[in-house]
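Since every read-out is calculated from the coordinates, none of them should be taken as a lab result. Predicted model, so just to flag it, every value in this text is computed and none were measured. We place every Cβ from the backbone using ideal geometry, glycine too, and count neighbours over all the protein chains shown.
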Amino acid sequence: MTHRHIHFLTASLLAMTFCAFVLGYEKHALNQAQERIQTHARIIEDAMWNYNHLGASEYLALAADTHGYESLTVTHNNGDIFQDIRTESTGRLEPLLIRLHLIPRVPLMARVEYRGNIIGWVEAIWLSRSIYIHAYVFFAVVLIYLVVFLYLRVLKSKKVLEERVQERTAELLSSNRALKREIDERIHAEEALRASEEQYRLLADNINDVIWTMDLDFNYTYISPVAVKMHGWSLEALKTLTIDQVMPPESIDMAGSLLASRLAEGERRGSYNRSVTMELDLYRQDGTTIPTEVTASLVLGEDGLPTGIMGVTRDISERKKTEKEKQELRSQLERSKKMESLGLLAGGVAHDLNNVLSGIVSYPDMLLMDLDADSQLRGPIETMKESGQKAATIVQDLLTLARRGVMAQDVINLNDIIASYQTSPEHQKILAHHQDTEVDFQLEAHLFNIKGSSVHLKKTLMNLIGNAAEAQPEGGRITVSTESCFLEYPIRGYNTVNEGEYVRLQVKDSGQGISPEDLNHIFEPFYTKKKMGRSGTGLGLAVVWGTVQDHHGYIDVLSGKGKGTTFNLYFPISREAAAEKENGLRLESLKGRRETLLVVDDMESQRKIATHLLGHLNYQVHTAENGEAAIAFLQDHTVDLVILDMLMGDGMDGLQTYQNILKHHPGQKAIIASGFAETERVKEAQRLGAGAYIKKPYMLDTLGNAIKEELRG
C-alpha cells in the first residue's frame, strides 16, 4: 500500500471521527440545554406562583445572556405571558451564520410546577453555537495530524542519516565496542541503583506507615519521617530515645519475648527468614499511647546470622475505634432483639395471668360483703385482695412492655404531664418514703408538643423518679428537666440517637450509679437490685423501655459507680397544637414588612422549615447550604438579615461565615441559630455585631421575636 493511500485512509478516518464527534456533541449539548431549561422552570416556580416579576425577570435575563437564548418566554397555564426576554446578537457575523443555519435555532420547552401542579410553561429559542467548537476541534485534529506526520518524517530522515553514519564508522565502533559495553553496563547499573534508592526513599517518606530498622538491643538505626506525625518527637530525638521511652513495659515484654522465640526457632531450624505481626502500644511525646500493628523480621548479615531488626509500624487507632463502634452497635442490636423477645414473652404471660387473676381480684370483694365485721376470715381475705391487686399491677406492666404501636397517639405537652404528676398521690408517696430526697423540676417554658399516651408517659416519669430515689438511700437531689433540642449529628451512647428534632426528658440523680455489668441489663424485666415486693416489681425500667419504643423515641443512659445516673429520653417533636390548648400566639405582631432574609444552614430539612415559617411571617426568604454559598450569594445581593447556623459540616462554621460577610458588608445584621448550647464562638459572633442567639428547633414566636428585635435595632 502506497503512502498516498495511507494518507487518504488516515484523512478519511479523521473525517469520520470528526463527524461522529459532532453528532455526539450536538446530542450532548441538546440534552444539556433541555436540562437547563428544566432547571430554570424549577427555580422560578416560587416567583411565578407569587407573581414576583422582578426576581424572575432578573434571573431569566441573566440565564438568557449566559446560555445564549434568542428568546425566553414564560407563560401561565391560562396563556398569559409572565415574562418575555429577548436578546440581540453581538457582532455582524453571527446574524449571517444564523440565516445560513450554521448556528441552528433550537426550540426548548419545560413545564413549571408548584407542589405537583402545572402552573405554566417556559419556552426558549436556543442558539446552538457549537459550530465554533467543532471548527476548533477539527483544526486541532488537523494540526495534531500534521505534527505527527512531520515528526514521523523527521524520525525517518534521522534513521537514514544514522545508518549512513554507522556504515562509515564501523571500524571505529568495532575497536571500541568492548569498552563501550563495559561503560554502558556500569552507567545502567548506577542509574538503576539511584532509581531504586530514590523509589524506596519516596516510599518511606510518603506512606502513612513508619518504616524502621533497629539493632538487636532495640535502638533505632533508621526511622522514616512519618514517625514525626505518629509520635510527635523529631527524627533526631527518636533516634536517641531508649526502648522504654518509646514503648510501655507490657509492650516491651511482648516484643522481647517474640524476638527471643524467633531467635531460638531460627537457630533450631537454621533459617531466620520469618516475619511476625503483633499489636503493640507506643508512646506519643505528650505521654499518651497509640495502638499500632507492627510487622517485623530479622536483618541477616553475610554469614546468615541476625544483625538487627527491620519492620513496619501502622497506626490502627481508627481501626480500633471502628471495631469499638461496631461492637457497641452489635450490643445495641442484641439488646433490642432481647427486649423484643422479652416483650413477646411478657405479652403471652400477661394474657394467661389475666385469666387466672380475674377470679382472685374479683371474688374477695364479694366475700367481704357477706362477712361480718368481726369475722376471723376478713383479715386473710383482705390480704388476698391486696396481693391480687399487686399482681394485677405487675400484669399491667407486662402488657405495657409487650404492647407495640397500640397506644393512643394524642398531641400532648410533656410539661403538662409533669405538672399533673407533681400533684399525684404516686409522687407524694415517693416523697413520703424518701423524705431526705429533693426533686427539682426545671421545665423549658416554650416546649414543643409530642405525640403519644399521657398515661404511659406519666408512669414512665414515676418509674424514673422512683428509681432515682431508690438509688439515694441516704437522700440527695433528683433533677427533672425538659428541653426542645435539635441534633445535627447522631449521639452514640447507650443507644444511638439519630439526628433530628426532639423533646428531651432528663431525670438525673446523684446516687450510687450503675456498674457497667448491670447497665446492659437494666431494662430487662425482673432484672433488679431492689428487694422484690418491697421496693418494686422489677418491671419499672422495662415499662420505660417499652413506652419509649412505642413513642418512636430513644434512650441514652449515662452512669458509673459513685457518679450518679442520668436518663435522657428523646421523643420526636410534633408541630401540631394540642387539642385542649388554644394558641395564644398573636401572629400579626410577629409579621414583617417584606424584608429580605438569608437562611444559612447545612441541613435541607431545616432550610425548608425556616422558609415555611418565615414565609408565614411575610418575609422574603433566600437560603444557602453552607458558608461559602452564603458569601457567594451576598456578592451580588443584599439582605436585611442573615440567620446563621453555627455548626455546619465541612467548610466554614457560622462565626467564620459572619467574619467573611462583614468584610464585604460591614454592619450586616444577623442572628445565630444552633442545635447546641451557646458556645464561646457564638459569643464571639455576637461581639462582632450578631444579635440574638436562638436554639433549634425553630419555634415561630422565638424566631419571629428575634428577627423583629434585630431589625428594629
| message | Which aspartates and glutamates, if any, have their Cα less than 18 Å from the Cα of Lys324, not counting same-chain residues under 8 positions apart? | response | Glu279, Asp281, Glu293, Asp315, Glu334, Glu517, Asp556
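Tell me the net charge near His664. Cut-off is 15 Å between Cβ atoms, His664 excluded, with +1 for each Lys or Arg and -1 for each Asp or Glu.
0
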| said: Restricting to DSSP loop positions (anything but H, G, I, E, B) with no more than 14 other Cβ atoms inside 10 Å of their own Cβ, which trypsin sites (Lys or Arg not before Pro) remain in the range 16-110? | reply: Arg92
| field | Cα-based shape type of the range 587-712, given that a ≥ b ≥ c are square roots of the gyration tensor eigenvalues and the cut on a/c is 1.5 | value | rounded
| Pairwise centroid distance, computed over Cα atoms, of the range 418-469 with the range 623-650, Å | 43 Å
